[in-house]
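> Take this structure first; my questions come after.
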Amino acid sequence: MTLKRNNNWFGHGLPYLARKPLPGHLIAIEGTDGVGRSTQIALLRPWLELEGYAVSDTGWIRSPLLSETINEAKQGHRLTVTTFSLLYAADFADRLEHEILPALQAGFIVIADRYMYTAFARNAVMGADPAWTRDLFGMALVPDLVLYLQVDVDHLVPRVVQGKGMDYWESGMHLALGSDIFESFLHYQRGLLGEYDKLAEEWGFVTIDARRSIEDIQSELRSHIADYLQRSGRESAKSGKSAEATKSAESEAPTNGAAASDGQKT
Amino acid sequence: MDSRAPDGHGGKPETGLPTANGNSGTGSASIRPHPIRKTLLKSPHSYRGRLIAVEGIDGSGKSTQLGLLDRWLRAQGHPVHFTQWNSSRLVRRSMQRGKRKNLLTPTTFSLLHAVDFADRLTYQILPPLKAGMIVLADRYVYTAFARDVARGVHPEWVRQVYAFAPRPDLTLYFRVPIEVSLERLLAGRAKLKYHEAGMDVGLSSDPVESFRLFQSRVLEIYGALAEEFGLNTIEATGDIPAQQRIVRRMVQEVLRDYQQPRTRAGHDHDAQAK
């Protein structure tokens, strides 16, 4: 897996923003609904804070600008894959500019519950042009680390059924495959998981077997994050500061370089 | 309205059209509106109807001209459907909230308008176009290409975002100098709107000065767009009937081999005039 460090935009980025150094770290947790992303994130945060890192989290469709609109739209039957994707992208852009970038500038670790790959996977299953979906997210910052919680449908089903139950959208009922929500769920989630697996390979996600216990998953997540922070610390110490952020951030690099072992003051 | 196939039990459609990614296993989903291909804007659409759009900065008189065109077309018995930029209710609340609380960034501003457009394309533009009607659009994607880029988004990105938009049969660009449009706007109402004046861009704290600076940028980009997309430029300083004569002549050209859809009779449409 290659280390993707700061100021690495997926496409054209946000040309109207001044490029500032981003000493923080962007870590995305991907995986399908019911796989336990939020449980794991809730456990990661106190651990990182204990280690001395300031943490900010952000989640898919949680932007103040759009969450209401999206949730309301999901109640009806008006959305198409195009409008859905655009709403996701708008929600994402809102959080990127108002939450993610400011936190990264301030040196926080940002944990993103789902990232643009969620849109890639869903759109692929819904049959939208993958190139278009990717173009749409050209304004996104590529995460430094993507942790992918991988599960299979057999393990997913009992969790979802015992959890919040099968939801219309997560079951792919909008694909109109039939009236049986259970069958639709299996079909849709199998498609999604297949897409996630392909994305994992393409983008070098760290794949974590999420069929295991919460504790096991958490300890593996922690070891990957610790490993990443250590490597990025070494890298910035060595090069002054990584990648494109170098020029403007050279002088402050040693401070961040030390962050991995000593924690970070913000 | 609903085009789901009768294979609705999870089975694969027998002769489903290939989708963009070759994945036909998900069937003919009702949520899938239209295939998204690159550069739809660069080649003519294949629908029976006609799509006519007007573009120009605020105060260019484009809506007035479109209104007169609408009246003329209906009087001839043509089935006309009218659609306006930023009018879908899907994102109305987000748009209002964003504007009121000043939450919008150039990117979210752009994407919310794209949602609006995609929603209207699905429900208001494509069905009448496929049914063989004449669709009149007050502003089209070129508005986004001009305004959003003037706000700072990447020109290529915004073109990619709107890659699903069909190319109008005719786009009329009403070109007007800033001072003329300002004069028209200020004569009609006392204050310029915040976003119309580009106040969000922070060019000037004086609305009139901000309008001048921001809309000059927009105007400049429109000029380039006219070239890039072959928009038909109309000098919008001339008198209204003279402009309308030019508009009608151009529209007549586009309607040359147009065939009206079969309806009960032509005269129903008059009654629907707005």
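The values are calculated or read from the model by the stated rules, or taken from the named source; none is laboratory data. What you are looking at is a predicted structure, and each value in this text was computed from that prediction instead of being measured. Methodologically, a virtual Cβ is constructed for each residue, glycine included, from the backbone with ideal geometry; neighbour enumeration extends over all protein chains shown.
> List every residue pair whose Cβ atoms sit under 6 Å apart, with the two residues 6 or more apart in sequence or on different chains, where the first one lies in the stretch B:159-172 and is within 20 Å of residue B:63 (Cβ to Cβ) and the second, anywhere, is surrounded by 20 or more Cβ atoms within 10 Å (Cβ to Cβ) and of a type in the set (Gly, Ala, Ser).
Hits for this filter: B:168/B:53; B:171/B:53.
> For residue A:158, state whether it is in a helix (DSSP H, G or I), more than 14 Å from chain B (Cβ to nearest Cβ) and free of Cβ contacts under 8 Å to residues at least 24 places away in the same chain. Can you show your working first?
Working: in a helix (DSSP H, G or I): yes; more than 14 Å from chain B (Cβ to nearest Cβ): yes; free of Cβ contacts under 8 Å to residues at least 24 places away in the same chain: yes.
Criteria met by residue A:158.
> Within the stretch A:152-177, restricting attention to residues that are among the aliphatic types (A, V, I, L, M) and in contact with a Gly (Cβ under 7 Å, 6 or more places away or on another chain), which residue is nearest to residue A:226 (Cα to Cα)?
The selected residue is A:156.
> Residue B:46 - would you say it is more than 30 Å from residue B:211 (Cβ to Cβ), within 8 Å of another protein chain (Cβ to nearest Cβ) and at pLDDT below 95?
No.
> To continue, here is another question. Residue B:144 fails exactly one of the following numbered conditions: (1) within 19 Å of residue B:224 (Cα to Cα); (2) in contact with a strand residue (DSSP E or B) (Cβ under 8 Å, 6 or more places away or on another chain). What is the number of that condition?
Every listed condition holds for residue B:144 apart from (2).
> Now for a different question. If only one of A:43, A:17 is touching a residue at least 60 places away in the same chain (Cβ under 8 Å) and more than 30 Å from residue A:168 (Cβ to Cβ), which one is it? If you could, list the steps in order and put the result at the bottom.
Details: A:43 fails: more than 30 Å from residue A:168 (Cβ to Cβ).
Matching residue, one of A:43, A:17: A:17.
> Any chance the stretch B:84-93 includes a residue that's surrounded by fewer than 21 Cβ atoms within 10 Å (Cβ to Cβ), under 13 Å from the mean Cα position of the chain (by Cα), at pLDDT 95 or above and more than 26 Å from residue A:135 (Cβ to Cβ)?
There is at least one residue in the stretch B:84-93 that is surrounded by fewer than 21 Cβ atoms within 10 Å (Cβ to Cβ), under 13 Å from the mean Cα position of the chain (by Cα), at pLDDT 95 or above and more than 26 Å from residue A:135 (Cβ to Cβ).
> If we scan the stretch A:203-212, do we find a residue that is without any contact (Cβ under 8 Å) to a residue 24 or more places away in the chain, assigned to a helix (DSSP H, G or I) and either among the small types (Gly, Ala, Ser) or under 22 Å from residue A:37 (Cβ atoms) (or both)?
no
> Pull up the stretch A:161-187, narrow it to residues that are of a type in the set (S, T, N, Q) and either more than 20 Å from residue A:74 (Cβ to Cβ) or surrounded by fewer than 15 Cβ atoms within 10 Å (Cβ to Cβ) (or both), then point me to the one that is nearest to the other protein chains (Cβ to nearest Cβ). Reasoning before the result, please.
The initial filter retains those residues of the stretch A:161-187 that are of a type in the set (S, T, N, Q), namely A:162, A:171, A:179, A:184.
After this cut, where a residue has to be either more than 20 Å from residue A:74 (Cβ to Cβ) or surrounded by fewer than 15 Cβ atoms within 10 Å (Cβ to Cβ) (or both) as well, the list is A:162, A:179.
Numbers: A:162: 24, A:179: 7 Å.
The selected residue is A:179.
> Same structure, new question: Tell me yes or no: at least one residue of the stretch B:73-87 is among the aliphatic types (A, V, I, L, M), part of a loop (DSSP other than H, G, I, E, B) and touching an Asp or Glu at 6+ places or on another chain (Cβ under 9 Å). Spell out how you get there, then give the answer.
Narrowing the stretch B:73-87 to residues among the aliphatic types (A, V, I, L, M): B:73, B:75, B:80.
Narrowing further to those that are part of a loop (DSSP other than H, G, I, E, B): none.
Within the stretch B:73-87 (the criterion being among the aliphatic types (A, V, I, L, M), part of a loop (DSSP other than H, G, I, E, B) and touching an Asp or Glu at 6+ places or on another chain (Cβ under 9 Å)), the answer is no, since none of the residues qualifies.
> Here's a follow-up. For the structure I just gave you, tell me whether residue A:112 is more than 14 Å from every other protein chain (Cβ to nearest Cβ) and surrounded by fewer than 19 Cβ atoms within 10 Å (Cβ to Cβ).
Answer is no for this residue.
> Out of the residues in the stretch A:53-79 that are buried (at least 23 other Cβ atoms within 10 Å of the Cβ) and of a type in the set (S, T, N, Q), state the one that is nearest to the other protein chains (Cβ to nearest Cβ).
A:69
> Let me ask something else. Could you list, in sequence order, the residues of the stretch A:97-131 that are touching a helix residue (DSSP H, G or I) at 6+ places or on another chain (Cβ under 8 Å), small (Gly, Ala, Ser) and touching a residue at least 40 places away in the same chain (Cβ under 8 Å)?
Hits for the stretch A:97-131 are A:107, A:112, A:121, A:124, A:127, A:128.
> Does residue A:197 satisfy being of a type in the set (Asp, Glu), touching a helix residue (DSSP H, G or I) at 6+ places or on another chain (Cβ under 9 Å) and either touching a residue at least 12 places away in the same chain (Cβ under 8 Å) or crowded, with 22+ Cβ neighbours inside 10 Å (or both)?
Judged against the criteria, residue A:197 is not a match.
> Additional query: Among A:134, A:190, which is within 12 Å of chain B (Cβ to nearest Cβ), without any contact (Cβ under 8 Å) to a residue 40 or more places away in the chain and in a helix (DSSP H, G or I)? Spell out how you get there, then give the answer.
Details: A:134 fails: without any contact (Cβ under 8 Å) to a residue 40 or more places away in the chain.
When all the criteria are applied, what remains is A:190.
> Filter the helices (runs of 4 or more DSSP H) completely within the stretch B:130-248 down to those with at least 3 residues that are among the hydroxyl-bearing types (Ser, Thr, Tyr) and on the phi < 0 side of the Ramachandran plot.
Output list reads B:207-229.
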